[in-house]
1. Quick check: residue separation of ARG45 and ARG554 times 0.36 nm, minus the Cα distance between them. What number comes out in nm?
2. Mind ordering 60-68, 114-122 by average Cβ neighbours within 10 Å, highest first?
3. Counting helices only, and only those DSSP H runs with n ≥ 4, report the 222 nm mean residue ellipticity of the chain as the sum of -39,500 (n - 2.57) divided by its residues, in deg cm²/dmol to the nearest 500.
4. Measure out, as a whole number of angstrom, how far apart the alpha-carbon centroids of the stretch 641-658 and the stretch 198-230 sit.
5. Using the Kirkwood formula over every pair of different C-alpha atoms, what hydrodynamic radius in Å results for the stretch 38-151?
6. Which angle between 0 and 90 degrees, to the nearest 10, do you get for helix 13-26 versus the longest principal axis of the chain when only C-alpha atoms count?
7. With r defined as the distance between the Cβ atoms of ALA377 and ARG260 and R0 fixed at 41 Å, what FRET efficiency is calculated, to the nearest 0.05?
8. For HIS542 and LYS349, FRET efficiency with R0 = 35 Å and r from the beta-carbon atoms, rounded to 0.05?
Amino acid sequence: MKRIDKILIANRGEIACRLMRTCRRMGVQTVAVFSDADENAPFVRLADQAVRIGPAPSSESYLNVEAITNAARKTGADAVHPGYGFLSENAAFASACAEAGLIFIGPKPDVIRDLGSKQISKRKVEAADVPVIPGAGGEGDQSPAALADQAKQIGFPLLLKASAGGGGKGMRIVRDPDGLEEAIASAKREAKGAFGDDTMLIERYIDRPRHVEIQILGDEHGELIHVFERECSIQRRHQKIIEESPSPALTAELRDKMGRAAVRVGQAVGYTNAGTVEFILDAEENFYFLEVNTRLQVEHPVTECVTGIDLVREQIRVARGEPLGIAQDELTMRGAAVECRLYAEDPAKGFLPTSGRIVDWHVPELEGLRVDSGVEAGSEVSIHYDPMLAKLICHAPTRLEAIQRMSRSLSELSVQGGLTTNRAFLLSILDHPAFRAGDLDTHFLERHEHEIDAERQSEADRRRAAIAVTLATHDRARAAQTVPGLEPGFRNSRSQPQFADYRCGDATVGVRYDNLGGGLLEVRVDDGEPERVRIVSAAEHHVSFEDGEGVRWRYRVCADGDTHYALGHGSAAALFELPRFPEHDIAQAPGACVAPMPGKVVKLLVNEGQRVEESAPVAVLEAMKMEHTVRAPERGTVVQVAVADGDQVDADALLAVVTLDDEA
C-alpha cells in the first residue's frame, strides 16, 4: 500500500478548502499553493503549509506545472490532488507528478488523455455498446471553412464544442448556416485560450435535453461501481448553476440502465479513482453519451449527501491502493439534495462576471445546509479566476423540502459588497413552478427568461431597505451620543426634518424623518405618507423595526464608507448615500463603447476612421476565462480607439468612440 501522509492541493478557493477538510478528518496534512492574488485567502490559512508559486495570472501560477511539483518537493508532499479546473484533467500534469515521485489522485495519465479527446472517447464508448450522438470533426482540416462543410452535412441544429475541454468553453449552438463560420472561429479562439487546443467537434443538437450524469468510482483491484446520478440541467452559458440528486426524470429502471452504461464506459478504459460519465437524456428516455470528466465534479456534494459517501476520502483511499469501501449492491439513496452555485456575476447583464471586495459574508445556521466556500468578509474577488464564490447544498427527506431549505438558505445568506452575485436569480429559479415540478431541460433559463427575476427587488423592498439603513444609522448615532439625554438629530426648531438620499441601482430613494425620542421616528419615504416607525432592536449588523401598521421587519445591515447594505426577507439592496452637495457628473460621451467588466482585450476589431453598423463587434474581452464581445451602440464612424490588443482594462473603461455617420 502506498503511503500518503501529506497532500499538496493544486487548486484554490472553495475546492481547496473542501479537500482540506476531508484530509484533516483523515489525519492527512495538506499543502496549499497560492498566487500573489490569493496570499490572504482562507484556503491558504487552512492548510498546514503553503507555498507561493507566482503572479496572479493562472498561466504563471496555478497552471505552472514546474512550480507546483517544486512546491511538493520542498514540503515533502507524498501526493497531489488537482481538485477541478486548472490542471485537473491535464494528462501531462499527471505524468509530471509521477516523474517527480508524487502520487496523482485521479485516473492514470493515458486514461485522462484518451477521455480528454472527445473523438477518442467516442470511439471507445461506441465499442462498449453505449449510445452516442451523431457527429463529426476532430480530424483532418480544422479550418472554419472545412468545419462548416462538415457541419452542413450533419444538419441543423448542431453543437460546436472543443475536443480538449469542457465547462462550456469553446461551445456554440448553431441553428442555421448564417454566421456558422464566425461561430466556428469564435469557438476555436475560445478553446485555444482555455485549453491550448482549438480542435473542434460537431454534433447533432438535441432540443430540450436533460443533462444527467453518473458518478463512477474505480479501484486498482478491478472493482468499478456507479454512485447514482445527478441532474444538471439548469445551466447558463453551458455551465451548470443548480444540480440535484436524484434526478426527477429517472425511474428505478432507467437509473439502473444508465448506471450500467456508465460502468461499461469506465471498464472500457480501465478507469480508476473518481470520475463522471455525462449523458444527454431526451423526452423519450433515450440517453446519449456526452463526455467523461476525469476528476471530481463541482456538484459532487449532492451525491455525498444522498449516499453518505465522502468521495474525496474514497479518492485518497484508492490512490493509496486500497479497495473500494462499498459494493454496488450496498449503495442506497437517502432523501434528496440540491446544490446552488453562488457566482460573482450579474444575471441582468448577460451573466457578466463581477469583481470587488466582499464587505459582509454571513452564512445562516440551518439544518441540512452545507456550504463549501472559499471566501469571507474582506475577500477580494479578482478578474483572474472563475467567478464562483461558494456552493450551497441542502439535503432533506424529499425534493420539495430540499428546495424549500435552499430557498431559505439563500434568502438569509449575506454576500454583500462591491460586487454583484446571482443570489436573487437562483432564488427566482427555485421559486418557479416548472422547477418545482421537475420540468427541466438545458434550455430552462432561455424558455423562462421573462419569468425569472434577476434582481427580485420591488419598489417596496427598496423603500424598506432605505428605512432599515436610516434607522440603523440613527441608532448608531444614538449609541455614540455623549451628551446625556440629548437625542441625535435634536434641533431647537422642528420645521425641517432630517434627511438621507440614497441611490439604489438605477433608482433614487429619499428618506425624511423626525426623531420623536425613545427609538420612535416619524418617517416619510420619497413622496409617500409619513408613518411612525419604532426601532424594536438594533445590534452591530441587525436592525428590527415596527412599521405604522404594526408589522415587524428584520434586516441585516452593514456599511462600507458611503455605501450601506441591507438584507431582509430575501431581498438585498446596496444603497449609496448621496452627498448633500454633489459634484457635477460628467456625462458619458455619446457613442462610447465601454468595457462591461474588468478584463483583457483579446482582439480589437476596429480602427479609427472605420465605418461600422449598429451592433457591429468592436472588441473581444476576456474575463474569468470567458469571452465577451463589445458592440457598436450605433451606426457610424470610429473616431477614437483607446485600447490595443492585450490591454488590461477596468469596468467602464473607454474602448472606442463611434459617432453618427450623417452620410450613412
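Values in this text are rule-based calculations from the coordinates and carry no lab data. A quick note: this is a predicted structure, and the numbers were derived from the prediction, not measured. Glycine gets a Cβ as well: all are built from the backbone with ideal geometry, and neighbour counts include every protein chain shown.
1. Result: 179.8 nm gained on full extension.
2. Order by mean packing, descending: 114-122, 60-68.
3. For the chain, the value works out to -8000 deg cm²/dmol.
4. 41
5. In the stretch 38-151 this quantity evaluates to 16.9 Å.
6. Taking Cα atoms only, the helix is inclined about 70 degrees.
7. Using R0 = 41 Å, I get an efficiency of 0.30.
8. Working: r = 31 Å, r/R0 = 0.88.
Once the sixth-power term is evaluated, E becomes 0.70.
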